[in-house]
Structure formats: C-alpha cells, structure tokens
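Data first, discussion second: the structure below is written as structure tokens.
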Amino acid sequence: MLTSAILVNGVPASGKSTVSRDISRALGAPLLGLDTVKEALFGELGAGDRLYNRTMGRASFAAIWALVGAFPPGSVVVIDAWFGFQPVEFLTEHVKAAKAVIACELWCHTDPRVIERRYLDRCERRHAGHLGPEYAPELRALAERAQPIGLSPVIQLDTEKAVDTAWLVRAVKELLPIERTTAHSVLPAI
C-alpha cells in the first residue's frame, strides 16, 4: 500500500497553512510544510537573493518527499506547499520515488487583492529569507492566473471565509484509501 498525500496547494498567502493545520489535526495526520523546512534551512545556511530562495524551495520540496518516502506504507500525510513554482514533472518524480499517491488536492484561493494584502501584512513577521514586500504586485498577478495542478481530485476552497473543517474532513476521507495499516493513518470518525 502506498502513502497517501493530501496536497494543500495555492499561491503564497492563499490560506494554505490554516487549512493544513486544521485538516492535519482533524485527521491525526502528520503535516509537512514547505516553509517549515525552508525556514530551518535558512536558519542553518542563511538567506540570499531570489535565485537562492528558489533553490532553497526546491531543496525543501525534495526533503519533504524524502520524508514522505520514510513513512510506513498506508500512512496519510498532509503537505502544505505552493506546487505551481516548478514543472509538474518535478512533483510526479518525487511522488513516485516516495512510493506515494496524491489522494487529493485542496486548492486554496481567494480574491487576488486579498492575497496581496495578506502577503504585505505578514512580511515583517516572516523569516528574512522569504521574498519581501516588493513581491506583492507579482504575487497578485500570479494569483489571478494560478490554477490547481489537477493530478488528483481537487477540492476548491475559497479562503476569504472560514473553511468548514468538518465538511472538509468528510470530503477528504471519501478520497482516501479504505485500508489503513499504521497508527499514522488511523483516522478518527466524525
């Protein structure tokens, strides 16, 4: 049995972290966040320019999928990342190497102006390795054209309003494999 990955996808400031935490807690599934890994790398290796930031993003992505590959077969894991910053083939190669399957994609989106405002509001609280306020107009334009990757069933989530976690858990559970073989993947009943 493969590890089931729940991808929480969306551009930066689209509400992924909140959705990821909520679904991870509700399912009792581990959460692997790109920013969590990336910020640890920044802390050890330092920050740099935009190219360095992208390199750290790819390294963090690779580290996450290496960890997914280490989970026992049948596990369920939640992955919080913007999956659109690299070719989809990069993702599919990592999924295959990790002996995983994408159970579903939770697509977090909202009005691009809201995303831009959220991004600017959090800039000063974020690790210095992340892009600064100068990225906000580019992010808004990205949010206007961004789409889910669509390699699995997609659940659309408008994060301008609170997401109904109980509904989301039911929807996600319908997409997960029925057989579960490890403590990491035992899901509570609703």
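The values are calculated or read from the model by the stated rules, or taken from the named source; none is laboratory data. As the structure is a prediction and not an experimental result, all values here were calculated from the model. Every residue, glycine as well, gets a Cβ built from its backbone with ideal geometry; the counts of neighbours run over all protein chains shown.
If you go through region 102-161 and keep only what is more than 22 Å from Gln86 (Cβ to Cβ), outside any helix (DSSP H, G or I) and over 18 Å from the mean Cα position of the chain (by Cα), you end up with Asp111, Ala128, Lys161. Scanning region 2-37 for residues that are under 9 Å from the mean Cα position of the chain (by Cα), more than 16 Å from Arg118 (Cβ to Cβ) and either in a helix (DSSP H, G or I) or acidic (Asp, Glu) (or both) yields a count of 1. The residue pairs whose first member lies in region 89-104 and is among the β-branched types (Val, Ile, Thr), whose second member is at pLDDT below 95, and whose beta carbons are closer than 6 Å, counting only pairs six or more residues apart or on different chains, are Val101/Leu2. When region 85-142 is filtered for residues that are surrounded by 19 or more Cβ atoms within 10 Å (Cβ to Cβ), of a type in the set (A, V, I, L, M, F, W, C), farther than 29 Å from Gly46 by Cβ and in contact with a Ser or Thr (Cβ under 7 Å, 6 or more places away or on another chain), the ones remaining, listed by number, are Ala100, Ile102, Ala103, Cys104, Cys108.
Could you tell me whether Phe85 is closer than 14 Å to Trp65 by Cα, out of contact with any Lys or Arg (no Cβ under 7 Å at 6 or more places or on another chain), hydrophobic (A, V, I, L, M, F, W, C) and at pLDDT below 95? Judged against the criteria, Phe85 is not a match.
Residues checked against (1) in contact with a strand residue (DSSP E or B) (Cβ under 9 Å, 6 or more places away or on another chain); (2) farther than 23 Å from Gly132 by Cα; (3) without any contact (Cβ under 8 Å) to a residue 24 or more places away in the chain; (4) among the acidic types (Asp, Glu):
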residue	(1), (2), (3), (4)
Ala26	no, yes, no, no
Leu31	yes, yes, no, no
Lys38	no, no, no, no
Leu51	no, no, yes, no
Phe61	no, no, no, no
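Output yes when any residue across region 66-82 is in contact (Cβ under 8 Å) with a residue 60 or more places away in the chain, outside any helix (DSSP H, G or I), polar (S, T, N, Q) and surrounded by 21 or more Cβ atoms within 10 Å (Cβ to Cβ), and no when none is. Looking for residues that are in contact (Cβ under 8 Å) with a residue 60 or more places away in the chain, outside any helix (DSSP H, G or I), polar (S, T, N, Q) and surrounded by 21 or more Cβ atoms within 10 Å (Cβ to Cβ), one finds at least one in region 66-82, hence yes. Can you pull out every residue in region 124-178 that is over 20 Å from Arg21 (Cβ atoms) and in contact with a His (Cβ under 8 Å, 6 or more places away or on another chain)? Answer for region 124-178, where residues must be over 20 Å from Arg21 (Cβ atoms) and in contact with a His (Cβ under 8 Å, 6 or more places away or on another chain): Ala143, Ala146.
Checking each residue in region 141-158 for being farther than 30 Å from Lys96 by Cβ and either at pLDDT below 95 or among the aliphatic types (A, V, I, L, M) (or both) picks out only Ala141.
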